[in-house]
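Only the coordinates and a few stated rules stand behind these numbers; no lab work does. The structure presented is a predicted model; accordingly, all values stated were derived computationally and were not measured. Here Cβ is always computed from backbone atoms with ideal geometry, including for glycine, and neighbour counts include all displayed protein chains.
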Amino acid sequence: MDELVALCKRRGFLFQSSEIYGGLQGAYDYGPLGVELKNNLKAAWWSAMVHERDDVEGLDASILTHRSVLHYSGHEETFTDPLVDCRACKKRSRADHIEDGKCPYCGSDSLTEPRPFNLMFKTSIGPVDDGVDIAYLRPETAQAIFTNFKNVVDSTSRQMPFGIAQIGKAFRNEITPRNFIFRVREFEQMELEFFVQPGTDEAWHQTWVESRLAWWREQGVSSNHLSCYDVPKEELAHYSKATVDIMYRFPHGVEELEGVANRTDFDLGSHTKQQGELDIQASVQPNTDSTAKLAIQDRETKQWVVPYVIEPSAGVDRGVLAVLNEAYTVEQLEDGKERTVLRLPAHLAPIKAAVIPLKRNHQEIVSKAQSLRSDLQRLGLGRIFFENSGNIGKSYRKHDEVGTPFCLTIDFESLETDTVTVRDRDSMKQIRLETAELPSYLATNLVS
Ligand code: ATP
């Protein structure tokens, strides 16, 4: 983990948030390469979950959430972790993270009884902070999918089975954020709510677990490092009938990467029931329109059904940590030296190719490299980088370390024959190609 954290900082993947003021605990900022990697991971998810399927619609809902939503979803009452105080050092811990009854910070066994601590971030709406008009930063993206269920069904005429997908920020006031970006207070989720006929839910649950495992393998995560954990009944979230956690061998241990839950009709049912009742916020008119029920009408039978929901919910940040950990390799070279290489699948690599002039100040070489870079950038393959350090060896080392699949070098021969050398990150082999061949070569080889 320490090596990964150091690489992330050195090369601009991740920085501690508010670092110049001592750091904000549980928050990280994605740097120039981190944002590319994160965007690529999200794009791969969106493509697999929305574009490549014909039964899923997308959504991008607000983070600020009406209090009623999280009241009736059960989060106000039950979205808690058990908190324990240490009487000796005054630090707080999660009761389920305590081993042998001892404080993880000072080792004292003088701990208070666990008490529930709500993880939601509360904020106030409007100019007067009188504690009445409160809202929450959403603790999961899922609720806005449920509250928009009718909007999406009415505007798309979907029938079951179908899904609604969303990627976005979620916030949890974790008692003990830790392990780099594994447990943070501000993170991103990639969530699908897949609506199915009651009775078909268990089979769909299984299908989604398998499909999600396959997707993680496509992101370069070895199946040897993935496993499934059937969450025991007593540990299930308040909405779940069954949950399978997809576990990954993180540098700090085997922990949850994604949860695949059978949420039954809990959320749609719960939001439907409450719509006729008085809203908890006086300023908001309750919705008494019975057609607003969160159900779907079968076209043939005309029956209204409240769907069951299968929810694959993955953390973007835990995903970034997993793909970085999988890709990070330190190799022993034949000449006895070491090289660090990020063997990221090409579709995740922050930089797809680096164009490197052999001589830093040679005008013709530099301008050929610059124009090649802009020609290749226009192909839409992702970021193409102009690397003019003047030191080829150093440039290769840098681009190995950040996972750039190809280095394209412009040398003197390039000027005469309109060719470039292409160096492959993984094999370190070099070939010479005509520049006209590069677009199709890159397009073919950047697909992982
Ligand atoms: P944990 O048991 O590790 O706290 P959880 O079971 O509460 O996680 P879910 O509510 O199932 O997590 O959320 C779905 C996904 O969101 C998780 O699999 C994880 O990838 C991500 N996630 C949840 N909490 C955090 C967090 N504090 N930091 C980063 N990612 C998170």
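For the reader, a short list of remarks on this structure follows.
- Mean shadow area of region 76-135 over all directions, Cα convex hull, nm²: 5.3
- Counting charges near Q206 (Lys, Arg +1; Asp, Glu -1) among other residues having Cβ under 13 Å from its Cβ returns a value of -3.
- Exposure proxy order (Cβ contacts within 10 Å, fewest to most) of E255, E99, E188, E77: E99, E77, E255, E188
- Euclidean distance of C-alpha centroids, region 197-249 and region 321-363, integer Å: 33
- Multiplying each eigenvalue of the alpha-carbon gyration tensor of region 349-448 by 5 and taking the square root yields semi-axes of 18, 15, 12 Å, largest first, rounded to whole angstroms.
- For F386, the amide hydrogen comes within under 5 Å of the amide hydrogens of V355, counting only partners 5 or more places away or on other chains and with H modelled in the peptide plane.
- DSSP-defined antiparallel bridges as percent of all bridges, the chain, nearest 5: 85
- Counting every other Cβ atom within 10 Å of each residue's Cβ, Y21, Y328 order from fewest to most as Y21, Y328.
- Shown for R178, R373, R343, R212: other C-beta atoms within 10 Å of each C-beta, ranked fewest to most, produce the order R178, R343, R373, R212.
- Sequence-separation-based contact order of region 94-230, relative, with Cα cut under 8 Å and 6+ spacing, percent: 18
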